[in-house]
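See structure below.
The values are calculated or read from the model by the stated rules, or taken from the named source; none is laboratory data. As the structure is a prediction and not an experimental result, all values here were calculated from the model. Virtual Cβ from ideal backbone geometry, glycine too; neighbours counted across all protein chains shown.
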Amino acid sequence: MATRLLRIFSSDLIVLKGQQVRYGHRMRGVPPTKARTLQQRLDELNYKDPELALQVNIGLPLPKRSRAEITSKWLSELKQHRSDSEYERKARHRELIIDMEAEKKDWLQTSAPLQCKTIAKHYEIFEHLYGDAYFYPIVPLDIDYDFGSEDSLARVYRGNIIKSDEAKQAPSITYKAESDTLWTLLFTTPDGVLTDANEYCHWFIGNIPGNEVSKGEQLMDYLRPIPPRGVGYCRYIFVLYKQDKKIDYSEYKTEQPCLALEKRSFNTRNFYQKHQDYITPAGLAFYQATWDSSLTDVYHNTLKMEEPAFEYDFPQPYIKPQTWFPLKQPFNLYLDKYRDPKDVNKDYLLKKLKKVHPFKAPEPPLKFPNAHRLPDDMPSWLKLEVKKNRMGLGRINEIE
Amino acid sequence: MYASYVGVKSLRITGYTLSSFLYGRQVHSNAELLNNCTKVENKNPRNMELLRIARKPVGYQLEKPGRNYWHKLQLSKTGRHVTAEVIHFQNGPVVSASTIEWSIKKQLYRLKDASAYQNIGQILARRCLESGIYFMRCDIRSSDGDKIKLFLKEIKRNGITLQEHKCYHNPQPWSSDRPEKPWAVVE
């Protein structure tokens, strides 16, 4: 009996030498065969109801090309290239560099609207201008800033970065349009708005006959981009609308030059909702600009205000609730965490000012900061503190 | 605390509507506007990536290629065509150039030869510059083949940097060093 009992319990009681035992091991969560993957869980979290997230196309329809037209017109051209021995030779020697201008021209007529929409979505242009609507930019816009350079212009594409200094003067705008059509041009920014408005309108021209922008009715004059300091890169968006008839825009008209920023508050969504029966978005171009030193003068002398400066609000670190007996913690660092950071910095500043003499030159910095012997009776935590201060590590950076 | 905040807010709104009812819409001067402004929002989703403070997925240690990127260059070839794309970690392909496009196909002799790769590289680089994407990660190795080497060379030659910046982590008061703030550097 005893041997039998021993045999039963021996596997539980006696642990063989060298055998790995997982003390306190238990299954955490659902077993792997049943659990969902991280991707599945993320998809579930980010799920949007397709009915609620429905996007509406508010633009002009994409030009339709029949397959027969493509094959008949283009394929013959392609065959011609293929039979050309010069082409073959160039391709073989890797000298066949395609003509970028011609490529761009063809691209604008074929896949450009689709690709432009993709990148505009990447920049969330439609979401911030219209909410649940989008459009395909059918009409290519050529917007060039002349910034005084003899050989180059700053062109607005689809999110490229242009210096705010280069966008001082109103750009030249060209697009293809028949002379009997009417157009509206809006230049707005949804970023870095100082009031609770949705956007600032930087330029508004209505009832443009054909492509003669200068002959249109200027409702708001051009204001150069004014991204505030510290806010980063703001989007500046040109949208061209096609009008079905002449529209009375007198409610948007402001005195010119319009320098009160509050008067430039704008909401594209409301604007579009009001006039949607007669306007259709057709063209889109946008760029990004950030603060530069030339803007100080604009804020002070043109807009008559102080220059705003902002800083990104980083999330505050989590600090554990304080305990009576913090074990395995350096007491000085532990206590500093729970003090007001201003007090801590004040201590450092006072220590620094103690060494400063109003009439004597400041002490020269130590050439080999850690080579200077510290007193033997100094506690180790204080030695470390002194060494850190000498090396410029840690909290001393807060006051310098 | 919360209640008082709401009270003040509603008071301001009522005052505003009353004055606008009596005297028409009141326009504040720019200086006054700035006094009331305590925070400003930049809604540009790419701004945080340009400032290097956006979140970058870490991925898994044993996974290859990793997921630690905002934008990544991808090259894929099918039986007939070559396609180069820039992938965003959330939005998928955002910029692309392919021999399937008529505008490119038209001027090529073969759709998968070395000169096709070369031209695809050139066009993709230009489209990226026009779309404001100047930095991207690249897991394609130039040792993978002669054509791929040509493709990468063209991309670099046209001004794209095939490496992304590291994320900026905000230092805590007790951190030892203070890394340079990317947005404070003005050219």
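Checking the structure you have, find out if any residue of the stretch B:135-152 is under 22 Å from the mean Cα position of the chain (by Cα) and under 18 Å from A:ILE119 (Cβ atoms).
Yes, there is a match, as at least one residue in the stretch B:135-152 is under 22 Å from the mean Cα position of the chain (by Cα) and under 18 Å from A:ILE119 (Cβ atoms).
In contact with a helix residue (DSSP H, G or I) (Cβ under 7 Å, 6 or more places away or on another chain), touching a residue at least 60 places away in the same chain (Cβ under 8 Å) and not assigned by TED's automatic domain parsing to the domain that holds A:ALA177, is that true of A:GLU307?
Yes; evaluated as a whole, the condition is true for this residue.
Please enumerate the residues belonging to the stretch B:95-112 that are touching a residue at least 24 places away in the same chain (Cβ under 8 Å), over 22 Å from A:SER72 (Cβ atoms) and surrounded by fewer than 20 Cβ atoms within 10 Å (Cβ to Cβ).
Answer for the stretch B:95-112, where residues must be touching a residue at least 24 places away in the same chain (Cβ under 8 Å), over 22 Å from A:SER72 (Cβ atoms) and surrounded by fewer than 20 Cβ atoms within 10 Å (Cβ to Cβ): just B:LYS112.
Only residues that are loosely packed, with under 15 Cβ neighbours inside 10 Å and either in contact with a strand residue (DSSP E or B) (Cβ under 6 Å, 6 or more places away or on another chain) or more than 7 Å from every other protein chain (Cβ to nearest Cβ) (or both): list them for the stretch B:27-53, please.
B:GLU32, B:ASN35, B:ASN36, B:THR38, B:LYS39, B:GLU41
Within the stretch A:354-398, restricting attention to residues that are part of a helix (DSSP H, G or I) and small (Gly, Ala, Ser), which residue is surrounded by the fewest Cβ atoms within 10 Å (Cβ to Cβ)?
So the residue we want is A:ALA371.
Answer yes if at least one residue in the stretch A:312-333 is in contact (Cβ under 8 Å) with a residue 60 or more places away in the chain, closer than 30 Å to A:ILE162 by Cβ and not in a helix (DSSP H, G or I), and no otherwise.
Checked against the condition, which is being in contact (Cβ under 8 Å) with a residue 60 or more places away in the chain, closer than 30 Å to A:ILE162 by Cβ and not in a helix (DSSP H, G or I), the stretch A:312-333 yields at least one hit.
I'd like the full set of residues that are surrounded by fewer than 21 Cβ atoms within 10 Å (Cβ to Cβ) and farther than 26 Å from A:LEU259 by Cβ, limited to the stretch A:183-209.
A:PRO209
Return the residue satisfying two criteria in turn: it lies in the stretch A:122-131 and is at the interface with chain B (Cβ under 10 Å from one of its Cβ atoms), in contact with a Phe, Trp or Tyr (Cβ under 9 Å, 6 or more places away or on another chain) and in a helix (DSSP H, G or I), and of such residues it is surrounded by the fewest Cβ atoms within 10 Å (Cβ to Cβ).
Per the stated criteria, the residue is A:GLU127.
Could you count how many residues in the stretch A:165-204 are of a type in the set (A, V, I, L, M, F, W, C), within 14 Å of another protein chain (Cβ to nearest Cβ) and closer than 13 Å to A:LEU223 by Cα?
Of the residues in the stretch A:165-204, 0 are of a type in the set (A, V, I, L, M, F, W, C), within 14 Å of another protein chain (Cβ to nearest Cβ) and closer than 13 Å to A:LEU223 by Cα.
Given the conditions (1) loosely packed, with under 14 Cβ neighbours inside 10 Å; (2) farther than 26 Å from A:SER164 by Cβ, which single one is not true for B:ILE120?
Evaluating B:ILE120 over (1) loosely packed, with under 14 Cβ neighbours inside 10 Å; (2) farther than 26 Å from A:SER164 by Cβ leaves (1) as the failure.
The conditions are (1) among the acidic types (Asp, Glu); (2) closer than 30 Å to A:LYS246 by Cβ; (3) within 21 Å of the chain's Cα centre (by Cα), and A:ASP277 fails exactly one of them. Which is it?
(3)
Before we move on, is A:TYR136 away from chain B (no Cβ under 11 Å), hydroxyl-bearing (Ser, Thr, Tyr) and either in contact with a His (Cβ under 6 Å, 6 or more places away or on another chain) or farther than 16 Å from B:VAL94 by Cα (or both)?
In short, no.
Starting from residues that are facing another protein chain (nearest Cβ under 7 Å), assigned to a loop (DSSP other than H, G, I, E, B) and out of contact with any Lys or Arg (no Cβ under 8 Å at 6 or more places or on another chain), keep the ones in the stretch B:90-107 and report whichever is nearest to A:GLU95 (Cα to Cα).
Per the stated criteria, the residue is B:GLN107.
For residues in the stretch A:224-241 being more than 14 Å from chain B (Cβ to nearest Cβ) and closer than 12 Å to A:LEU284 by Cα, which is farthest from the chain's Cα centre (by Cα)?
Here the answer is A:TYR241.
Looking at A:ILE143, A:ILE119, can you tell me which residue is assigned by TED's automatic domain parsing to the domain that holds A:ILE237, over 25 Å from B:LEU150 (Cβ atoms), outside any helix (DSSP H, G or I) and modelled with pLDDT of 95 or more?
A:ILE143
Residues of the stretch B:108-126 being among the β-branched types (Val, Ile, Thr) and more than 7 Å from chain A (Cβ to nearest Cβ), which ones?
Answer for the stretch B:108-126, where residues must be among the β-branched types (Val, Ile, Thr) and more than 7 Å from chain A (Cβ to nearest Cβ): just B:ILE120.
Please go through the stretch A:284-328 and give me each residue that is among the polar types (S, T, N, Q) and within 20 Å of the chain's Cα centre (by Cα), ordered by number.
A:GLN288, A:THR290
Going through the stretch A:274-311 one residue at a time, which ones are of a type in the set (Phe, Trp, Tyr), within 11 Å of chain B (Cβ to nearest Cβ) and part of a loop (DSSP other than H, G, I, E, B)?
If the condition is that a residue be of a type in the set (Phe, Trp, Tyr), within 11 Å of chain B (Cβ to nearest Cβ) and part of a loop (DSSP other than H, G, I, E, B), then A:TRP291, A:PHE310 are the ones that fit.
For the stretch B:169-187, what are the residues that are at the interface with another protein chain (Cβ under 7 Å from one of its Cβ atoms) and touching a residue at least 24 places away in the same chain (Cβ under 8 Å)?
Within the stretch B:169-187, B:ASN170, B:TRP183 meet the criteria.
Within the stretch A:210-227, count every residue that is surrounded by fewer than 18 Cβ atoms within 10 Å (Cβ to Cβ) and of a type in the set (Lys, Arg).
Result for the stretch A:210-227: 1.
Within the stretch B:127-147, track down each residue that is facing chain A (nearest Cβ under 7 Å) and either in contact (Cβ under 8 Å) with a residue 12 or more places away in the chain or assigned to a loop (DSSP other than H, G, I, E, B) (or both).
B:LEU129, B:SER131, B:GLY132 - these are the residues of the stretch B:127-147 that are facing chain A (nearest Cβ under 7 Å) and either in contact (Cβ under 8 Å) with a residue 12 or more places away in the chain or assigned to a loop (DSSP other than H, G, I, E, B) (or both).
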